[in-house]
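Novice: Submitted below is the structure of interest, expressed as structure tokens.
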Amino acid sequence: MIADGRSAPARKYRRYVKELTDDHGGVLVVGQRLLIERTAMLLTRLHYLDNLVLRDAEFTQHDNNQYIAWQNAVRRNLVALEGGRRSFLDGFV
């Protein structure tokens, strides 16, 4: 958990974890839970880089490189999570 969990980034992280968990039915295997936690952390970091751009603050080449790398990692994580999604029809087969 991030510090004591009351900071804005910690709240955003928990929201991302909850939304991704809910989107995957709420019951996760360990690998899905870990992937969701990593994805939530990357999304939290991307959110703050987005705010740099929106505030027209300095966005360095390093920030840009990190942004691209994290965005690609999020995409790959979401694809991996989607591949592990169980269909509601699985219970009927």
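The values are calculated or read from the model by the stated rules, or taken from the named source; none is laboratory data. Computed from a predicted structure; not experimentally measured. So basically every Cβ, Gly included, is an ideal-geometry build from the backbone, and we count neighbours across all protein chains shown. Just the protein is used for accessible areas: all its heavy atoms, side chains included, with ligands, DNA and RNA removed. Shrake-Rupley method; radii C 1.70, N 1.55, O 1.52, S 1.80 Å.
Novice: What does the extension gain come out to for Gln61 and Leu46, with contour length at 0.36 nm per residue minus their alpha carbon separation?
Specialist: Contour length minus Cα-Cα distance gives 3.9 nm.
Novice: May I ask you to compute the full-extension gain from Gln71 to Arg33, defined as 0.36 nm times their residue separation minus their alpha-carbon distance, rounded to one decimal in nm?
Specialist: 11.8 nm
Novice: What's the ranking of 14-21, 76-83, 38-45 by average number of surrounding C-beta atoms within 10 Å, highest first?
Specialist: Final packing ranking: 38-45, 14-21, 76-83.
Novice: Work the Kirkwood hydrodynamic radius out for the chain: mean of 1/r over every pair of different alpha-carbon atoms, inverted, in Å.
Specialist: Mean inverse Cα-Cα distance, inverted, gives 14.6 Å.
Novice: Mean Kyte-Doolittle of at least -1.0 and a Cα length of 20 Å or more along the axis: which whole DSSP H helices of the chain meet both?
Specialist: Those that pass (Cα extent of 20 Å or more, hydropathy at least -1.0) are 30-54, 61-83.
Novice: Okay, moving on. In percent, what relative contact order does the chain have, based on Cα pairs under 8 Å that are 6 or more apart in sequence?
Specialist: Relative contact order comes out at 28 percent.
Novice: Can you pull the percent of the chain's accessible area that's carbon plus sulfur, 1.4 Å probe, other chains left in place?
Specialist: That fraction is 58 percent.
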